[in-house]
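Read the structure below first, then the notes.
The values are calculated or read from the model by the stated rules, or taken from the named source; none is laboratory data. As the structure is a computational prediction, the values presented were derived from the model and not from experiment. As a convention, Cβ positions derive from the backbone with ideal geometry for all residues, glycine included, and neighbour counts pool all protein chains shown. The accessibility values were calculated without ligands, DNA or RNA, using every heavy atom of the protein model including side chains. Shrake-Rupley method; radii C 1.70, N 1.55, O 1.52, S 1.80 Å.
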Amino acid sequence: MFTSASIKELEKIRAKYPTSRAALLPAIYIAQREFGWLSPEAYEAVADILEVPKATVRGVATFYAMYKQRPIGRHLIQLCTNVSCMILGAEKLVDFLKNSYGIVPGGVSSDGRYSLVIMECIGACGTAPAMLVNDDFYEDLTEKYIAEILDKYK
Amino acid sequence: MESLLLKNIDNPASAEIGEYRKTGGYQSLAKAVEMEPKQIVDEVKKAGLRGRGGAGFPVAMKWTFASADPKFPKYLLCNADEGEPGTFKDRPILEKNPHLLIEGMAISGHALKAEYGYIYLRGEYPAAKHILEKAIQQAYEENMLGSNILGKGIKFHLAVHQGAGAYICGEETALIESLEGDKGQPRIKPPFPVNVGVFSRPTVVNNVETLSNLPCIIGMGGEAYSKIGTPDCPGPKIFCISGHVEKPGVYELPMGTKLRDIIYTHCGGIKGGKKLKAVIPGGISTPVLPPDKIDCPMDFVNMPKHGSMLGSGAVIVMDDSVCMVRVCHRALRFFEHESCGKCTPCREGTGWLRAILGRIEEGEGMEGDIDMLLAVAANMLGKTFCPLGDGAASVVQNFIRYFRPEFEEHIKARKCTVNG
Ligand SMILES: Cc1cc2nc3c(=O)[nH]c(=O)nc-3n(C[C@H](O)[C@H](O)[C@H](O)COP(=O)(O)O)c2cc1C
Ligand code: SF4
Ligand code: FES
């Protein structure tokens with residue numbers, strides 16, 4: 001079940017489209033925010049409110065990389081390793097996160113504080129290497145800079 | 001050249017409607033609402049505007065097809081999926097100059113008699129979502145969007161639709177599927193979106209940068225606009241340069257600026273005075289070029305004559321410390337990950353290419369692997385449902401075309417011969 005605030009938000013979103021099915025991607029985002037990840041309850045809530053079969057919701061959600069099929073840490077690190085970032089050392093940063101913080105791609109740190117996802121290009125190639133932490137962009141990354149950034153996310 | 005598209009982006013308040021209006025913002029829309037839709041299309045035709053999303057399709061032609069379809073309502077979709085690796089040209093417009101895009105969409109909506117528009121924004125740009133939503137709200141408040149734009153009875157409603165991390169949703173029919181609430185898998189063409197697009201209605205899909213040219217075209221007139229750039233590809237172009245140059249970043253330059261000048265004049269040359277090894281000129285899907293092939297004018301017509309493509313204008317510069325096998329392998333990891341799985345040659349082919357490149361990189365390549373790569377690529381080319389699969393195959397072919405000895409050395413030495 002969604003909270004009443006989310007239900008209101010979703011009604012507003014639905015009004016932007018001629019079909020309620022078009023609100024599916026936004027609804028999955030809301031479910032992910034509310035349940036933390038796409039748990040069975042989250043799928044149930046989306047299917048109920050949009051009157052779409054649960055299997056359809058799951059089929060759509062699993063197609064997209066940004067929908068989380070597993071619980072994630074409190075903060076989501078999305079680090080790009082595509083070519084522009086790779087040639088400027090992004091893969092060393094992946095090793096750094098593993099060796100200094102015990103965070104591996106696709107995993108959660110043991111204290112539940114961070115999750116790491118390796119990204120394809122995130123549109124910050126001119127200031128590579130780059131990452132997103134939650135909704136914030138960080139660019140021109142170095143090991144030292146990453147350590148400073150991560151300190152801010154408790 | 002004076003910036004037209006990236007004007008004001010150094011002003012920290014550039015996303016505010018008041019700031020935008022101070023430098024002439026929304027005056028082109030005021031002019032456009034006094035024009036007949038057909039007149040606007042004619043100006044775009046005179047301007048010679050081509051789509052900036054990658055393919056360079058003439059905009060007026062696409063618009064004429066959509067206008068000729070009798071079905072209503074019509075839709076205008078802005079492609080803000082910007083997923084092609086190396087590309088970061090639309091982001092400054094979205095984050096710093098959102099009203100330029102909104103004004104461009106309102107003008108285009110009028111030209112097409114489209115009543116509804118959506119900006120399909122990639123999920124990886126959360127800041128842009130908030131900026132755009134706020135800018136759209138401001139535009140509604142000042143009657144630049146809505147049911148009675150500038151009191152002229154013109155209707156155009158606009159909303160942001162957020163993607164969720166799938167490169168293929170940049171392909172226009174996949175984008176439509178995704179907007180309708182489905183997996184982003186391409187549709188068969190025909191019917192084309194201009195006839196049967198989103199919600200089965202006539203739909204025009206244009207890139208962010210394309211639509212952002214409309215205020216300039218209406219403002220200065222198509223004729224004057226067509227004098228910028230090259231005769232076949234007029235206008236300004238936003239180039240985004242990354243990798244080993246002294247000054248990477250976005251540069252608004254006339255279409256047809258030479259690749260060499262972009263690298264050596266505008267971007268200050270190769271970082272640390274090192275030697276240039278390779279350039280990917282238009283995003284990772286476009287053919288790589290060796291250093292002796294960079295005297296090409298960067299536009300949609302000239303680049304194919306020089307063995308590559310303009311693509312999104314995303315220039316990736318690599319110095320001689322970069323291993324070509326490694327770059328090619330990384331590119332194929334991308335294509336395998338982003339293949340939507342709809343057709344077999346791409347779904348299976350990208351996996352095979354990635355696997356063979358992976359073993360060459362790791363020192364486990366076998367004799368005959370290079371020919372095997374070429375055979376797999378040849379079996380994909382022209383046989384995939386959408387251009388993603390073709391792109392993956394041609395990336396491999398072109399890396400081998402120019403850097404074959406490096407692949408051979410990796411196999412023979414059983415290790416990376418560039419970085420030891
Ligand atoms: C695999 C693939 C990915 C694409 N990605 C994008 C993209 O991220 N942004 C974009 O504007 N066009 C992209 N395109 C091109 C679109 O299909 C379409 O041609 C474009 O949005 C048309 O707009 P334009 O005429 O203004 O360029 C992509 C095409 C393919 C085949
Ligand atoms: S070529 Fe690849 S991305 Fe395109 S439809 Fe086929 S599987 Fe999907
Ligand atoms: S390649 Fe990393 S942000 Fe574009």
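Before moving on, here are some points about what is shown:
- Residue identified as closer than 18 Å to B:Ser242 by Cβ and within 16 Å of ligand 2 (Cβ to nearest atom) among B:Ala393, B:Ala331, B:Ala314, B:Ala378: B:Ala331
- Complete set of residues in the stretch B:369-411 that are acidic (Asp, Glu) and open to solvent by 20 Å² or more (accessible area, probe 1.4 Å): B:Asp371, B:Asp390, B:Glu406, B:Glu408, B:Glu409
- Check on B:Arg330, under 21 Å from B:Glu82 (Cα atoms), more than 16 Å from ligand 1 (Cβ to nearest atom) and not β-branched (Val, Ile, Thr): yes
- Residue list for the stretch B:103-130, filter: within 22 Å of A:Ala22 (Cα to Cα), aliphatic (A, V, I, L, M) and more than 16 Å from ligand 3 (Cβ to nearest atom): B:Met105, B:Ala114, B:Ile119, B:Leu121
- Checked across the stretch A:124-144, the condition of being within 16 Å of ligand 1 (Cβ to nearest atom), within 8 Å of chain B (Cβ to nearest Cβ) and closer than 25 Å to B:Ser178 by Cα holds for at least one residue.
- Test: B:Lys31 is under 23 Å from the mean Cα position of the chain (by Cα) and closer than 19 Å to B:Ala224 by Cα: no
- Of the strands (runs of 3 or more DSSP E) contained entirely in the stretch B:221-323, those carrying at least 2 residues that are more than 13 Å from chain A (Cβ to nearest Cβ) fall at B:236-243, B:249-254.
- Matching residues in the stretch A:102-133 - criterion: being surrounded by 16 or more Cβ atoms within 10 Å (Cβ to Cβ), out of contact with any strand residue (DSSP E or B) (no Cβ under 7 Å at 6 or more places or on another chain) and closer than 18 Å to A:Lys152 by Cα: A:Ser109
Condition check ((1) within 14 Å of chain A (Cβ to nearest Cβ); (2) more than 24 Å from B:Thr23 (Cβ to Cβ)) across all residues:
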site: B:Asn97; (1), (2): no, no
site: B:Met105; (1), (2): no, no
site: B:Leu112; (1), (2): no, yes
site: B:His130; (1), (2): yes, no
site: B:Glu142; (1), (2): no, no
site: B:Phe156; (1), (2): yes, no
site: B:Ala166; (1), (2): yes, yes
site: B:Ala174; (1), (2): yes, yes
site: B:Val205; (1), (2): no, yes
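- Criterion (open to solvent by 20 Å² or more (accessible area, probe 1.4 Å), more than 30 Å from A:Pro129 (Cα to Cα), part of a helix (DSSP H, G or I) and within 14 Å of another protein chain (Cβ to nearest Cβ)) met by exactly one of A:Ala47, A:Ala55: A:Ala55
- For the criterion of being within 16 Å of ligand 3 (Cβ to nearest atom) and either assigned to a helix (DSSP H, G or I) or touching a Ser or Thr at 6+ places or on another chain (Cβ under 6 Å) (or both), B:Ile411 fails.
- So B:Gly56, is it more than 14 Å from chain A (Cβ to nearest Cβ) and within 20 Å of the chain's Cα centre (by Cα): yes
- All positions within the stretch B:165-197 that are under 30 Å from A:Cys80 (Cβ atoms) and either away from ligand 2 (no atom under 16 Å from the Cβ) or assigned by TED's automatic domain parsing to the domain that holds B:Thr344 (or both): B:Leu179, B:Glu180, B:Gly181
- Any hit, the stretch A:65-81, residues being of a type in the set (A, V, I, L, M) and out of contact with any strand residue (DSSP E or B) (no Cβ under 7 Å at 6 or more places or on another chain): yes
- Failed condition for A:Thr19, given (1) more than 25 Å from A:Ile118 (Cβ to Cβ); (2) surrounded by fewer than 16 Cβ atoms within 10 Å (Cβ to Cβ); (3) more than 8 Å from chain B (Cβ to nearest Cβ): (3)
- Yes/no for B:Gly307 being open to solvent by less than 40 Å² (accessible area, probe 1.4 Å), not basic (Lys, Arg) and not assigned by TED's automatic domain parsing to the domain that holds B:Pro387: yes
- Residue in the stretch B:317-335 that is within 16 Å of ligand 3 (Cβ to nearest atom) and open to solvent by 50 Å² or more (accessible area, probe 1.4 Å) present: yes
- Cβ-Cβ under 6 Å pairs, at least 6 apart or on other chains, the stretch B:375-392 side within 10 Å of B:Thr350 (Cβ to Cβ) and part of a helix (DSSP H, G or I), far side away from ligand 3 (no atom under 16 Å from the Cβ) and open to solvent by 50 Å² or more (accessible area, probe 1.4 Å): B:Val376/B:Trp352
- Failed condition for B:Trp352, given (1) open to solvent by 30 Å² or more (accessible area, probe 1.4 Å); (2) within 22 Å of A:Leu88 (Cα to Cα); (3) aromatic (Phe, Trp, Tyr): (2)
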